[in-house]
1. Looking at Ala162, Ala166, Ala186, which one is modelled with pLDDT of 80 or more, of a type in the set (Gly, Ala, Ser) and surrounded by 16 or more Cβ atoms within 10 Å (Cβ to Cβ)?
2. Out of Ile13, Ile24, report the one residue that is part of a helix (DSSP H, G or I) and over 34 Å from the mean Cα position of the chain (by Cα).
3. Give the residues of region 252-281 that are within 16 Å of the ligand (Cβ to nearest atom) and not in a loop (DSSP other than H, G, I, E, B), sorted by residue number.
4. Ala336 - would you say it is exposed (fewer than 13 other Cβ atoms within 10 Å of the Cβ), among the hydrophobic types (A, V, I, L, M, F, W, C) and at pLDDT 90 or above?
5. Can you run down the residue pairs with Cβ atoms below 8 Å, 6 or more apart or on separate chains, where the first is in region 66-91 and under 22 Å from Ile13 (Cβ atoms) and the partner is surrounded by 10 or more Cβ atoms within 10 Å (Cβ to Cβ)?
6. Restrict the check to region 218-235 and report whether at least one residue is touching an Asp or Glu at 6+ places or on another chain (Cβ under 6 Å) and within 23 Å of Trp293 (Cβ to Cβ).
Amino acid sequence: MAKEKETVPGSLIALTIGLVVAVISFWYGQNNNLLPEQISEQAPLVDDLFTVMATIATALFLIVEGAIVYSLIRFRHRGEDETDSEPVKGNFPLEIFWTAIPAFIVIGLGIYSVEVYNQMGGFDTSGGPQMAHHQHHSVEIASLIDRDVSAPLIGQAGIEEAIEQAPKTRPDYGIGASPQDVNNPAEVVINVTGLQYAWLFNYPGDNITSGELHVPAGKDVQLNIEAKDVIHSFWLPQFRIKQDALPGQMSQLRFTATHTGTYPIVCAELCGAYHGAMRSQIIIHEPNEYEAWLTENRVATGTDQPTVAVNPQDLSDSDYLEPYAKEMGINADVLAQIQP
Ligand SMILES: [Cu+2]
């Protein structure tokens, strides 16, 4: 059947299909517009990885769906033919081929994503960090010991114990300085606390506490993140960074904002009934505006009374929900029933 089609060699058809799939995939990879604006210096690293993944995914989608649609049409049930088709037996080279390609893609993407994580300054959580960390403390402690010659010798066990008790120089989780900045301390340090259901930002040294995060553009900002109650996740979608906020354990994010503007902060970990409302804003100022904001808030608060812009910590669920409930037309009686 279809004798005239045999004039086009199969390899040429495969080549053409391959080229068309490649062109569409590359185009879609570059033009998918699935990610929001890029606001941090790290964002392009993440987006390049995403572009590669979107390109591969598009090619796989076209090949798999194309084969399905082709087969549906080409091998459809026709006329009175009620016989089964020939059984297909194993094809060893084909099996090697379709095992090797996914393995190659997955391993390649794995290596690439670790490289992106390292470029962003991600902390090594595989056990390596623990060691690097401890070695660092060992050096610190060793130098302390060296200073006092009369100090009694402490054994390995004593050093281990001292290491456990030594204050941590950096948290185990999060994104730190990029490799180029690893020896430079951050220009702005802000403490972030996640609690049901809000983010609080504390500016140490300035004695300001805010419900919105204000940062200067172009400066290296470090966030020390902690949670009061349950695990939350501090996510800045436009910055392409996200980090769990853990009760009792500090984590870190470090970034440099490239633009001024106002962007969302989202809790990305289901943390309770009103998790969906656990959002705030990051406001990126020009550095001089940022200084003005700090000054203004310092003046407004005096020295010992921190301003709390948003603090629903002490509110009951119904108090917290009241403004939302009014918007939805729910009255106080209904609201009272959701009190635990
Ligand atoms: Cu949360």
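The values are calculated or read from the model by the stated rules, or taken from the named source; none is laboratory data. None of the values given here were measured: they were computed from a predicted structure. Every residue, glycine among them, receives a Cβ derived from its backbone with ideal geometry; neighbour counts consider all protein chains shown.
1. Exactly one residue qualifies, and that residue is Ala186.
2. After applying the criteria, what remains is Ile13.
3. Within region 252-281, Leu253, Pro264, Ile265, Val266, Cys267, His275, Gly276, Ala277, Arg279, Ser280, Gln281 qualify.
4. When the stated conditions are applied, Ala336 does not pass them.
5. Gly66/Ile17; Gly66/Val21
6. The answer is yes; a qualifying residue exists.
Residue-by-condition table, conditions (1) within 15 Å of the ligand (Cβ to nearest atom); (2) touching a Cys at 6+ places or on another chain (Cβ under 9 Å); (3) closer than 19 Å to Ser178 by Cβ; (4) among the polar types (S, T, N, Q):
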{"residue": "Val192", "(1), (2), (3), (4)": "yes, no, no, no"}
{"residue": "Tyr197", "(1), (2), (3), (4)": "yes, yes, no, no"}
{"residue": "Tyr203", "(1), (2), (3), (4)": "no, no, no, no"}
{"residue": "Asn207", "(1), (2), (3), (4)": "no, no, no, yes"}
{"residue": "Ala217", "(1), (2), (3), (4)": "no, no, yes, no"}
{"residue": "Leu223", "(1), (2), (3), (4)": "no, no, yes, no"}
{"residue": "Ile231", "(1), (2), (3), (4)": "yes, yes, no, no"}
{"residue": "Trp235", "(1), (2), (3), (4)": "yes, yes, no, no"}
